[in-house]
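Beneath this line is the structure, given in structure tokens, with notes to follow.
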Amino acid sequence: MRKFAREPGMLLAFAPFIAFAVLNHFLSPTAALTVAALVSFGLIGKELLSGHSAKMLEVGTCVLFGGLAAYAFLTNADWPIVGVKLAVDAGLFAIVLISLLIRRPFTIQYARETVPQELWASPQFFRTNQVITLVWLAAFAAIIAADLILLYLPDVPHKISVFLTIGALYGAYKFTMSYPETARAGAR
């Protein structure tokens, strides 16, 4: 059985966040949010055109970026870069949290693309995805903490926040890559 994170699907779902993170330093927040919403919309279109259903993370991301872009446009909000980043990261945290609360961990839709269908209904499959989603939730909580450090402790070097963010994402990614095999070995 292949590890689902080796497939580009879940990592590709973060493309709107990467686009936003890069463009937020070069464009207005409204423009960066709009481009990220368009990238999200494109990912949903790609899924639908390939015969798949839209995934919760992609739809949530499109709503998040589209809603924030509309709010910024309609209110002429003058957010600092870190304030917009905090709103985006809090929205991502909320999407992941909601997926857990409704008992549909966001990783399941990606795992089903590479895991045989006969395993989808197993408690181990669900529990593995629940644990991986909890790790991503913790990573996003750490990123929000990094944003809050930048916002409320401006004397703290910016690189501390950057390292915290990169460390959280890298840790969640590495865990996602290794945990399914660990869970399978523990179940044997």
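Readers should treat all values here as calculations from the given coordinates under stated rules, not as data from a laboratory. Model, not experiment: these values are computed from the prediction. Here the Cβ positions follow ideal geometry from the backbone for every residue, glycine too, while neighbour counts run over all protein chains shown.
Got a sec to turn the phi values of region 127-134 into Karplus ³J(HN,Hα) couplings, 6.51 cos²θ - 1.76 cosθ + 1.60 with θ = phi - 60°, whole Hz, x for Gly and Pro?
Listing the rounded values in order: 5, 4, 5, 5, 5, 4, 5, 4 Hz.
Normalised by the residues of the chain, what does the relative contact order come to in percent, with Cα pairs under 8 Å and at least six apart?
It comes to 23 percent, rounded to a whole number.
Within 10 Å, count the other beta carbons around each residue, average over each peptide in 32-42, 14-24, 93-103, and list them highest first.
32-42, 14-24, 93-103
What ³J(HN,Hα) values, in whole Hz, does the Karplus curve 6.51 cos²θ - 1.76 cosθ + 1.60 give for region 11-19 when θ = phi - 60°, with x put for Gly and Pro?
For region 11-19, the Karplus-derived couplings read 5, 5, 4, 8, 4, x, 6, 5, 4 Hz, x marking Gly and Pro.
Could you work out how far apart the two model spin labels at L49 and I166 are, taking each label as a point 7 Å from the Cα in the direction of the beta carbon, and quote it in nm?
The modelled label-to-label distance comes out at 3.4 nm.
Taking H placed 1.01 Å from N in the peptide plane, check which residues at least 5 places from R104 or on another chain put their amide H under 5 Å from its amide H.
none
Give the average over all directions of the projected area of the C-alpha convex hull of the chain, one decimal, in nm². Spell out each step's value before the answer.
Working: hull surface 45.2 nm².
Value for the chain: 11.3 nm².
Just to check I understand the Karplus step: with θ = phi - 60° and J = 6.51 cos²θ - 1.76 cosθ + 1.60, what whole-Hz values come out for region 79-92, glycine and proline as x?
7, x, 3, 5, x, 5, 4, 4, 4, 5, 5, 5, x, 5
Find the Cα radius of gyration of region 36-94, compare it with 2.2 N^0.38 Å by division, and give the number to two decimals.
1.24
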